[in-house]
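Participant: Sharing a structure below in structure tokens format, with a few things to ask.
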Amino acid sequence: MLLDKSILELATGLRKGDFSSVDLINECYDNIAKYNGNINAFITILPRDTALKQAKSVKLTSPLSGIPFVLKDCYVTESVKTTAASNVLTNFIPPYSATVYQKLLNTGAILIGKMNMDAWGHGGSSENTNFGPVKNPWDRSRVAGGSSGGPAAAISARMTVFAIGEDTGGSIRNPAAWCNITGLKVTYGRVSRYGTIAYASSFDSVGPMAKSVQDCSVILETIAGLDPYDATSSPTPVSPYSALLNKKLNDITIGVPREFFQEGLDPEIKTAVLKVAEDLKNTGVKVKDLSMPLFDYGLAIYYLIGPSETSSNLARYDGIRFGLGREFFTDETIRRILIGTYALSAGYYDAYYKKAQQVRTLFIEEYKKALSQCSVLLQPITPTPPPKLGELMSDPLQNFLADIYTISQNPVGIPSLALPCGFTKSGLPIGAQLVGPMFSEELLLNIGHQYQQITDHHLKSPLSKGDLEGLKPKL
Ligand code: GLN
């Protein structure tokens, strides 16, 4: 199937005339017709005819020209419904486009869908959505992860070539781990956030999700860079990431912070993640045990600052300017607005919000110290394999705890690459993350690509298990 190929293989095939962009688009829509009814990854499927029309006239000017992609439904798209998976925006048609979308359109990439997610980014299972939960293509009785669950499930079930996700506290990495795909949470400011429906503005980051590190690097080259519309976007030059993936890993040390591997971590996940360090030793890297004693405070910082920022960001959805009224927020979103409003209110501000910002500074120092002893850190992504549908929703605290390994990087701003690293005995995907200093995307992608040269976890798809075939299409 064409959709098993990498972006660079597809780009070469398109140029050689082995197949056309029309063939690629048709393969995506055929798979959507076969699988999406059972997975529920899409909120909006763009009309096949519109995509085919673009495919027929596309000029092959970049590796992404003629390649189908999807967007998490938190990116505004001119004239295409954008919901953030909330009934508040159920009929919202934006008058302009997000920079990341515009950049992809400029290269001739073809948008085929807007994807299901936890509403406003609030969640880690893609169940907090007004459009029905996303189901994991590896086991449809389980969640796909979140909040970018729709994009991850769609890549994994070969309904798209790649996706743009958003990560505020793990939303690219968690569903990447649970659906067996690759995803990159970029350095804060590496990719413009203009046109992203904000969750927590000082944490939000826009990043690629795809089958491999190489695909992610091709996408990042296109979407990264300074944007006059986003004052927090960075002027740091964008590297030709995909051309630098084969650099030899000289003088690289992988740090393994022991606090990330203690109680609460599923033993099969612990073994698979630690094996990444062992495998990487074959490429010449060294491995070092180290300590990050502040680890335990991560959740508290994140769940004070995140809700504080979201309570402010969501104030604009007042039923007058955009969409419907506040009575359409889900319980999870109302919980976060309440926590944030409380933490920011007079009398509590110093005790909660200000204290959390102070501890955030300590966390920045903690990561600096850890990363001064090694090149990158190896950490788990999720404490457990994907839970059964409904399990996390019934217990808000458990829901927050599931984010323990992915919420500390966003307050610090550093990048993190999520990589498939194996399967549980029952066949559920496991992911690991490599975390580096600010603007170390080039290094992370280089190490990640070398890892994918010596392992094949990322090549496995749920379609090869066969149990998605032959399902009665639900359209
Ligand atoms: N699961 C985390 C939360 O609910 C992260 C979400 C995200 O990154 N958008 O806040």
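Participant: Which number in (1) more than 16 Å from the ligand (Cβ to nearest atom); (2) touching a residue at least 24 places away in the same chain (Cβ under 8 Å); (3) in a loop (DSSP other than H, G, I, E, B) marks the one condition that residue 113 misses?
Facilitator: Result: residue 113 passes all but (3).
Participant: What are the residue pairs meeting all of these: first residue in the range 143-159, first residue in contact (Cβ under 8 Å) with a residue 60 or more places away in the chain and within 12 Å of residue 37 (Cα to Cα), second residue of a type in the set (A, V, I, L, M) and within 12 Å of the ligand (Cβ to nearest atom), Cβ atoms under 7 Å, and 6 or more apart or on different chains?
Facilitator: Filtered contacts from the range 143-159: no entries.
Participant: Separate question: So which residues in the range 306-344 are in contact with a Leu (Cβ under 7 Å, 6 or more places away or on another chain), buried (at least 16 other Cβ atoms within 10 Å of the Cβ) and part of a loop (DSSP other than H, G, I, E, B)?
Facilitator: Across the range 306-344, the qualifying residue is only 323.
Participant: Here's a follow-up. In the range 439-459, is there at least one residue being assigned to a loop (DSSP other than H, G, I, E, B), under 17 Å from residue 178 (Cα atoms) and either modelled with pLDDT of 95 or more or more than 19 Å from the chain's Cα centre (by Cα) (or both)?
Facilitator: yes
Participant: To continue, here is another question. For residue 94, indicate whether it is under 25 Å from residue 335 (Cβ atoms), surrounded by fewer than 24 Cβ atoms within 10 Å (Cβ to Cβ) and in contact with a strand residue (DSSP E or B) (Cβ under 8 Å, 6 or more places away or on another chain).
Facilitator: no
Participant: Would you check which residues across the range 172-190 are more than 12 Å from the ligand (Cβ to nearest atom), within 19 Å of residue 236 (Cβ to Cβ) and touching a Pro at 6+ places or on another chain (Cβ under 8 Å) and list them?
Facilitator: Correct list: 184, 186, 187, 190.
Participant: Also: Are there any pairs with C-beta distances below 8 angstrom linking a residue in the range 392-407 that is free of Cβ contacts under 8 Å to residues at least 40 places away in the same chain to a residue that is assigned to a loop (DSSP other than H, G, I, E, B) and within 12 Å of the ligand (Cβ to nearest atom), with the two at least 6 apart or on different chains, and if so which?
Facilitator: 398/392
Participant: When the range 99-110 is examined, which residues are found to be in a loop (DSSP other than H, G, I, E, B) and either surrounded by fewer than 24 Cβ atoms within 10 Å (Cβ to Cβ) or within 16 Å of the ligand (Cβ to nearest atom) (or both)?
Facilitator: Across the range 99-110, the qualifying residues are 107, 108.
Participant: Counting residues that are in contact (Cβ under 8 Å) with a residue 24 or more places away in the chain and surrounded by 24 or more Cβ atoms within 10 Å (Cβ to Cβ), which strands (runs of 3 or more DSSP E) fully inside the range 182-284 reach at least 2?
Facilitator: 182-185, 205-210
Participant: Return yes when residue 405 is among the aromatic types (Phe, Trp, Tyr), within 14 Å of the ligand (Cβ to nearest atom) and either closer than 19 Å to residue 181 by Cβ or more than 18 Å from the chain's Cα centre (by Cα) (or both) and no when it is not.
Facilitator: Yes, satisfied.
Participant: May I pose another question? What number of residues in the range 93-135 are of a type outside the set (Gly, Ala, Ser) and either under 15 Å from the mean Cα position of the chain (by Cα) or at pLDDT below 95 (or both)?
Facilitator: 9
Participant: Of the residues in the range 314-345, how many are under 15 Å from residue 304 (Cα atoms) and without any contact (Cβ under 8 Å) to a residue 60 or more places away in the chain?
Facilitator: Residues meeting the conditions: 10.
Participant: Taking the range 132-166, which residues are within 11 Å of the ligand (Cβ to nearest atom) and assigned to a helix (DSSP H, G or I)?
Facilitator: To start, the set of residues in the range 132-166 that are within 11 Å of the ligand (Cβ to nearest atom) comprises 145-149, 165-166.
Scanning the range 132-166 gives a single hit, 149.
Participant: Please work out if residue 169 is part of a strand (DSSP E or B) and near the ligand (Cβ under 10 Å from one of its atoms).
Facilitator: Criteria not met by residue 169.
Participant: Further, regarding this structure: Restricting the search to the range 285-305, which residues are assigned to a strand (DSSP E or B) and either among the β-branched types (Val, Ile, Thr) or in contact with a Phe, Trp or Tyr (Cβ under 7 Å, 6 or more places away or on another chain) (or both)?
Facilitator: 287
Participant: Within the range 285-303, can you find the residues that are crowded, with 20+ Cβ neighbours inside 10 Å and over 22 Å from the mean Cα position of the chain (by Cα)? Step through it out loud before you land on a result.
Facilitator: First, pick out the residues of the range 285-303 that are crowded, with 20+ Cβ neighbours inside 10 Å: 285, 292, 298, 301-302.
The answer is 285, 292.
The values are calculated or read from the model by the stated rules, or taken from the named source; none is laboratory data. Quick caveat, the model's predicted, so the values are computed rather than measured. Neighbour counts run over all protein chains shown; Cβ positions are idealised from the backbone, glycine included.
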